[in-house]
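This report refers to the structure that appears directly beneath it.
The values are calculated or read from the model by the stated rules, or taken from the named source; none is laboratory data. Everything numeric here is computed off the predicted structure, so don't read it as measured data. Reconstructed Cβ throughout: ideal geometry from the backbone, glycine too, with neighbour counts over all protein chains shown.
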Amino acid sequence: MTAPKTIAEKILSSKAGVDAQAGDVVVCEVDLVIGTDASSPMAIDYFRRMGGERVHDPGRVVFALDHYSPPSTPKTAAFHDEVRGFARDQGVELYDVGVGISHQVVPERGRALPGDLIVGADSHTVTCGALNLFATGVGSSDLAAAMITGRIWLRVPETIKVTLAGWMPPGLSAKDVGLAMIAELGSEGANYRALEFHGLGLGELSLDDRFVLANLAVESGAKAAIFPADAATESYLLGRTSSRGTPVQCDLGAAFERELVLDLDAITPRVAVPDSPTDVVPIERAVGTAVDMIFLGTCTGGRAADLREALAVLERNGGEVAPGIQLVVTPASREVYLRLIEDGTIARLAAMGAIVTTPGCGACCGTSGAIPGDGMTVLSTANRNFRARMGNATARIYLASPAACAAAAATGRITDPRTVL
Amino acid sequence: MPARLEGRARVVGDNVNTDYIISSTRKRETLDEQILKRYLLETLDPGFAASVRDGDLLVGGANFGCGSAMEIAATVILASGIRAVLAQSFSRTFFRNAVNNGLMPIECDTSGIIEGDRLAITIDARGVLMDNRTRGVMVEGEPLRHMMAEILDAGGLVEYLRRGAWRRA
């Protein structure tokens, strides 16, 4: 009889074909390998140096041109051509410029299924764990090795049980819950570990909300962040793929390293202050801070529900962007963009003066899109606010929910969204 | 594989993320480490890169290499002539990237190390030992385990894979 297992232990055991538990090192079969324009040029170089000729299974690899979209320099255009050429030669699917952020598009296209093991050369690949699977970020050399062999070695992580208790108060965003979670864990509190989500509060969370929590988990170092499969998972997959994957439940009596209980009723709007995503304060402590730029986008806050919520807050507050405020809107994917064009959200935001940019990573890491000016203060829906993250070391970056960002766009200052709802 | 490194400590703080090691804006222009090394750690200290000497040892606090998984952060450190990074703890993605490129990540108590200290690191069958010659203090480090040790022994993941690891029969 084998010991009771966490979801991480079960998925990695299954992919390695052995009975593994936390602490074991296993070589796993990978269901999907994801490369981006930021990581794949190096990965292609490693691939060749490793003696790679053909990828092990072209059906299990995708590339996304998301960090430099569209390319703003000849060099980034050359990176794109290199990745396009490699994808074509290898018969690998490519999400070209404008399709969107890799770990947003992979779930949208039904390529992330319960029970899967996904490795991506992008730290926010963990986002896919919202769909009851093990997804983890790696560098370019591990990506190349996984392309060649179809495999990756992993240490089976210990698991922290994150229990979501209580109910979401009206107006509270998953971003607030996520910021509260990573503040509680600290900047390395989940390093080398998996998070596994539990609790009645789960029923409150849509898949979009779960993507936000899984996404932010890596800011505490998490190797994976895994949700259970339930009706919300089913309904997300419906229409995206005919497969339902292999849903994985944790065993009764599974060994967790520790438990973190998040009482949803007690969480209030939060802001991460410069220069770390885990330096989180209740929004009251930052209210009144003058802002220059608002960024609505990224794999944390660039989904349809986020941008609709932002629009609603703006419309309830005069329907105008405050004078002098630059509002940058970057849908996480083309699917999101098209939905928001169809329902009029994009038109209304643009009419207010929003700068709508190409779906992708956008201004998040200073690689494409709007770069803040010297000394500017930015309020963003993104996940990282390290100094110089957006391409200017003198800018100060605050992180908050889409509602809080919209409230600040309307007023020109960091504003508690509860006071303008 | 027994190894011995001796060099000057170059001390940085806690939570040095990979964007601080080399900014995403820089690597958008080139992936040539010989160029990028001019910008090593520029966000924390614009003068740092110019002051690095071959054989220096980078000393971090907790959670070194957090944030983005970009591998260029590890290879730019190597290109600068730094062959080992010592830290209280490492982010998992940086740790893997370091080992995969033959940059030695040494997890040990770095709290007593001061900028410019002379450090000697010995790695052998008995383990990892950091001798702070300036302070006269010896600290044991965490030995590399499992496949990490094999990959670093091979000189990195390229060589390791060229030897046929994980291939199918």
message: Suppose we filter region B:145-169 for residues that are of a type in the set (D, E, K, R) and closer than 15 Å to B:R92 by Cα; how many remain?
response: 1
field: So A:L379, is it away from chain B (no Cβ under 14 Å), under 23 Å from the mean Cα position of the chain (by Cα) and buried (at least 24 other Cβ atoms within 10 Å of the Cβ)
entry: yes
query: Inside region B:1-88, counting only helices (runs of 4 or more DSSP H) that do not spill past its ends, which hold 3 or more residues that are touching a Leu at 6+ places or on another chain (Cβ under 8 Å)?
result: B:72-79
Lone qualifier among A:A87, A:A43, A:A64, A:A112 - being within 25 Å of A:K15 (Cβ to Cβ), in contact (Cβ under 8 Å) with a residue 12 or more places away in the chain, of a type outside the set (S, T, N, Q) and within 10 Å of chain B (Cβ to nearest Cβ): A:A43
- request: Kindly establish whether A:V106 is at pLDDT 95 or above, part of a helix (DSSP H, G or I), more than 10 Å from chain B (Cβ to nearest Cβ) and touching a helix residue (DSSP H, G or I) at 6+ places or on another chain (Cβ under 9 Å).
  value: yes
message: Kindly evaluate A:G369 against the criterion of being modelled with pLDDT of 95 or more, closer than 19 Å to A:G324 by Cα, assigned to a loop (DSSP other than H, G, I, E, B) and over 17 Å from the mean Cα position of the chain (by Cα).
response: no
- request: Inspect all residues belonging to region A:1-16 and state whether any of them is without any contact (Cβ under 8 Å) to a residue 12 or more places away in the chain and either within 11 Å of chain B (Cβ to nearest Cβ) or over 30 Å from B:T25 (Cβ atoms) (or both).
  value: yes
message: Step by step: first the residues of region A:364-376, then only those that are farther than 22 Å from A:A406 by Cβ and crowded, with 20+ Cβ neighbours inside 10 Å, then the one that is farthest from the other protein chains (Cβ to nearest Cβ). Which residue is that?
response: A:S368
message: Considering only region B:61-83, I want to know if a residue exists there that is within 14 Å of another protein chain (Cβ to nearest Cβ), without any contact (Cβ under 8 Å) to a residue 60 or more places away in the chain, polar (S, T, N, Q) and more than 19 Å from A:V119 (Cβ to Cβ).
response: yes
- line: Within region A:128-169, the count of residues that are away from chain B (no Cβ under 13 Å), outside any strand (DSSP E or B) and on the phi < 0 side of the Ramachandran plot comes to 8
- prompt: How many residues does region B:128-169 hold that are within 19 Å of the chain's Cα centre (by Cα) and surrounded by fewer than 12 Cβ atoms within 10 Å (Cβ to Cβ)?
  reply: 1
- prompt: In this structure, does B:V99 turn out to be more than 12 Å from every other protein chain (Cβ to nearest Cβ) and among the β-branched types (V, I, T)?
  reply: no
message: Out of everything in region A:47-72 that is over 26 Å from the mean Cα position of the chain (by Cα) and of a type outside the set (A, V, I, L, M), what residue ends up being surrounded by the most Cβ atoms within 10 Å (Cβ to Cβ)?
response: A:F47
- prompt: Checking B:F94 against (1) over 16 Å from the mean Cα position of the chain (by Cα); (2) within 12 Å of chain A (Cβ to nearest Cβ); (3) in contact (Cβ under 8 Å) with a residue 60 or more places away in the chain, which test does it fail?
  reply: (1)
message: Checking B:L86 against (1) within 14 Å of another protein chain (Cβ to nearest Cβ); (2) within 9 Å of the chain's Cα centre (by Cα): exactly one of these is not met. Which one?
response: (1)
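Quick grid of which residues meet (1) at pLDDT below 95; (2) closer than 30 Å to B:T134 by Cα; (3) within 8 Å of chain A (Cβ to nearest Cβ):
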| position | (1), (2), (3) |
| --- | --- |
| B:R8 | no, yes, no |
| B:L31 | no, no, yes |
| B:Q34 | no, no, no |
| B:Y39 | no, yes, no |
| B:P46 | no, yes, no |
